[in-house]
Amino acid sequence: MTLSLRNSRPGLSVLFENEKLVNEAMTRRLFVGGNWKMNGSKAKIAEMCQVLKNGHYGASARDADVVIGCPSVYLEHTNQVLPKFISAAAQNCYKANCGAFTGEISPSMIADCGVKWVIIGHSERRQLFGETDKLIAEKVSFALSNELKVVACIGETLQEREAGKTFDILMHQVQAIAGAIKDTEHWKNLVVAYEPVWAIGTGKVATKEQAQEVHAFLRKWLASKVSESVSQSIRIIYGGSVTGDNCRDLIKQTDIDGFLVGGASLKPDFIKIINCQSEGSRGSSVERQ
Ligand code: PEP
């Protein structure tokens, strides 16, 4: 029925496509990710999980995807003790499921621990451990092909921003990832985190205009190079010194679908960030365009 309409009535097919894209834009679910980095202990995890369990959550928070990237040795434990609506995420994984790769963990091991999400390409992996766009793209592709959901991080350094290279750098990073995705279905399991390196752990948050400009650029790039449908449905989240105070303005931006949070995810402030989108605080993407 739908197909014949689309084939025989071009006017209606445009309408149908537009309606579909509008729906996709409107159904981008809030995503809030924490990143504990190399912090924590069983005692600290117990304390943090208790804080999260005691939190009050609005309806929009309960509908959100909320994940916490924790050190791999605590993945299974953390996943079990977190409140039910929050899941653990791995902070990294390799591009093979087993083999002679000392120190690495694989997508199948992560899944075997009951964990569904992995963060790949964090700027600390890029900068401290020399991970390249190519390696990150391969890891994203492999994790997606092995049934994991992925938060893929991209972002420019201060030097790159000041040299006017922000969009170029981001385009290369996202192009590498897009080029490695093997199946269009995998886009559904990908969240892109825009994390300007100069904002990570510095207390210097991007302004809402700076963040929105980049998110809109990324969505436009995806529309032209991948598909309109992917560009409207993919969640693009912001990371870099997000707090319970600045999150509410950021989330009102048309193309910001959530956050990746480092420092504040280790504090009760994370509850405020999960609650960033209280009813009425954010219009639909379509209304806001
Ligand atoms: C991060 O590590 O991904 C991050 C955004 O850190 P922070 O929130 O501390 O800036």
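The values are calculated or read from the model by the stated rules, or taken from the named source; none is laboratory data. None of the values given here were measured: they were computed from a predicted structure. Heads up, the Cβs are rebuilt from the backbone with ideal geometry, glycines too, and the neighbour counts pull from every protein chain shown. For the accessible areas, the whole protein counts, side chains as well, though only heavy atoms, and no ligand, DNA or RNA atoms are used. Shrake-Rupley method; radii C 1.70, N 1.55, O 1.52, S 1.80 Å.
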| Between residue 84 and residue 278, what is the label-to-label distance in nm when each label sits 7 Å out along the Cα-to-Cβ direction? | 2.6
| Once amide H atoms are placed 1.01 Å from N in the peptide plane, what residues at a sequence separation of 5 or more from residue 261, or on another chain, have their amide H within under 5 Å of its amide H? | 33, 34, 35
| task | Please list, or write none, the lysines whose alpha carbon is within less than 17 Å of the alpha carbon of residue 182, excluding same-chain residues fewer than 8 places away. | result | 95, 134, 139, 149, 225
| message | Which of 122, 215, 172 ends up with the largest GNM mean-square fluctuation for the chain, with Cα atoms connected below 10 Å? | response | 172
| request: Let me know the shape class of the chain, please: from the alpha-carbon gyration tensor, a ≥ b ≥ c as square roots of the eigenvalues, rounded when a/c is under 1.5, otherwise prolate if a/b is greater than b/c, or oblate. | output: rounded
| query | About its Cα centre, what dipole magnitude does the chain give when the only charges are +1 on Lys and Arg Cβ and -1 on Asp and Glu Cβ, stated in debye to the nearest 20? | reply | 340
| Cβ crowding within 10 Å averaged over residues, with 175-188, 132-145 ranked highest first | 132-145, 175-188
| Expected 222 nm ellipticity per residue - DSSP helices of 4 or more, -39500 (n - 2.57), all of the chain, to 500 | -13000 deg cm²/dmol
| Sorted by accessible area with a 1.4 angstrom probe, largest first, how do 248, 62, 219 fall? | 62, 248, 219
| remark: Rounded to the nearest 0.05, FRET efficiency between residue 163 and residue 128 (Cβ-Cβ, R0 22 Å) equals 0.50
| query | Based on the mean of other beta carbon atoms within 10 Å per residue, what is the order of 221-228, 99-106, most packed first? | reply | 221-228, 99-106
| message | If amide hydrogens are placed 1.01 Å from N in the peptide plane, which non-local residues have theirs closer than 5 Å to the one on residue 235? | response | 192
| Using modelled backbone amide H atoms (1.01 Å from N, in-plane), which distant-in-sequence or interchain residues come within less than 5 Å of residue 92's amide H? | 119
| query | Which of 70, 247, 98 moves most in a GNM of the chain, Cα contacts under 10 Å? | reply | 98
| query | Taking residue 44 as the anchor, which lysines have their alpha carbon closer than 24 Å to its alpha carbon, excluding any fewer than eight residues away along the same chain? | reply | 53, 84, 116, 267, 272
| message | Please check: in the Gaussian network model of the chain (C-alpha springs, under 10 Å), which one of 251, 273, 45 has the largest mean-square fluctuation. | response | 45
